[in-house]
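The values are calculated or read from the model by the stated rules, or taken from the named source; none is laboratory data. As the structure is a prediction and not an experimental result, all values here were calculated from the model. Cβ placement follows ideal geometry from the backbone for every residue including glycine, while neighbour counts extend to all protein chains displayed.
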Amino acid sequence: MLAVQTWELTKRFGSQTVVDGIDLAVPAGSVYGFLGPNGSGKTTTIRMLLGLIGPSAGRSELLGLPVPGQAEAALHRVGALVEGPAFHPYLSGRANLARLDVADRRADPRTSRARVDAALDRVGLLAAAEKRYRAYSLGMRQRLAIAGTLLMPRELLVLDEPTNGLDPQGTREVRALIGSLGSEGTTVLVSSHLLSEVAQVCSHLGVMREGRLVAQGPITELQGAATRATVRTDDGEQAAYVLRELGATGVSVDAEHAQVRGELGAIAPEKAVAALVHAGVAVRGFSSGAPDLEDWFVGLTGEGFDVSG
């Protein structure tokens, strides 16, 4: 059963395609890391999923209900934090959450105080409940926003960059919170551009690049499906040419250490060795195996942005 599913979901702004025909599949009960560089289309996708903007093409479902067609029926079962918190600066943290709670027609006003305090306690803000929001640090504001998603029981949480602005301790606390929510059966879709922020708690990953979903599935399967090869040779450029012709990706030449590296994908290592030798490459050594998760991620999304935080 899928908590989130899309079919060819697309969003264009004028002539620019920001999200290009993606098919998300978020299993119920999973912690799904939605990863990619800033500007890769993650937030636009989330806004379409929540009915905040309409798609240019394709369709989507939340908890088995079409959005936006049955958005009202679906969204009361969903907690969401999108593009950072927005609260009244002159009110306290508790008062801000109380206003959010009152806006929920399904919330019982008789239990509002208890639910607000429980949400504050869960994100570590109960001691600062009476402090005005404008006096909160950026990290405290982010945690208050997450508390707002926890006022009522939710089947699905959608968190867009939930650790933005948090110090290392706050980041660990949010990471633990996401893990505990997942262990309780809540489906969590967490968007981030930092691999290290989600890899420790996620069971599944979806990776965006330039508006396209370039990989998706359980972490163990995704990492195991990749094969990285290292060729020791003084004929670096020729070896790189052969690997690229075979269909290898992310091929790079390390002339200083007389090595060439690349992702073989479905190419059998013995086929790569045979092709190199047939092309006259002087192969002094060849090794292959699954890359570590960060190497795999960089290979999919490209260099040039922070993958480790």
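A few comments on the model shown:
- Residue pairs whose Cβ atoms lie under 8 Å apart, sitting 6 or more positions apart in sequence or on different chains, and linking a residue in the stretch 154-177 that is aliphatic (A, V, I, L, M) to a partner that is part of a loop (DSSP other than H, G, I, E, B) and modelled with pLDDT under 80, are Val174/Leu166.
- Long-range neighbours under 8 Å by Cβ, at least six apart or interchain, first residue without any contact (Cβ under 8 Å) to a residue 60 or more places away in the chain within the stretch 199-220, second basic (Lys, Arg) and not in a loop (DSSP other than H, G, I, E, B): Gln200/Arg175
- Checking Thr187 against (1) surrounded by 20 or more Cβ atoms within 10 Å (Cβ to Cβ); (2) under 24 Å from Asn96 (Cβ atoms); (3) out of contact with any helix residue (DSSP H, G or I) (no Cβ under 6 Å at 6 or more places or on another chain); (4) among the β-branched types (Val, Ile, Thr), the condition it does not meet: (2)
- Search result, residues across the stretch 82-119 that are without any contact (Cβ under 8 Å) to a residue 40 or more places away in the chain, in a loop (DSSP other than H, G, I, E, B) and either among the acidic types (Asp, Glu) or under 10 Å from Leu151 (Cα atoms) (or both): Asp108
- Restricting the stretch 22-50 to residues that are buried (at least 20 other Cβ atoms within 10 Å of the Cβ) and on the phi > 0 side of the Ramachandran plot, the residue that is modelled with the highest pLDDT: Gly41
- Residue satisfying all of: in the stretch 155-180; among the polar types (S, T, N, Q) and either within 14 Å of the chain's Cα centre (by Cα) or surrounded by fewer than 19 Cβ atoms within 10 Å (Cβ to Cβ) (or both); farthest from Leu50 (Cα to Cα) among these: Gln169
- The lone exception for Gly79 - which of (1) part of a helix (DSSP H, G or I); (2) buried (at least 18 other Cβ atoms within 10 Å of the Cβ); (3) at pLDDT below 95 it fails: (1)
Let's see how each residue does on (1) over 19 Å from Leu159 (Cα atoms); (2) not in a strand (DSSP E or B):
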residue	(1), (2)
Ser191	no, no
Gln216	no, no
Leu222	yes, yes
Gln238	yes, yes
Leu243	yes, yes
His257	yes, yes
Arg261	yes, no
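- When the residues of the stretch 224-236 are filtered to those that are in a loop (DSSP other than H, G, I, E, B) and surrounded by 15 or more Cβ atoms within 10 Å (Cβ to Cβ), the one that is modelled with the lowest pLDDT is Ala226.
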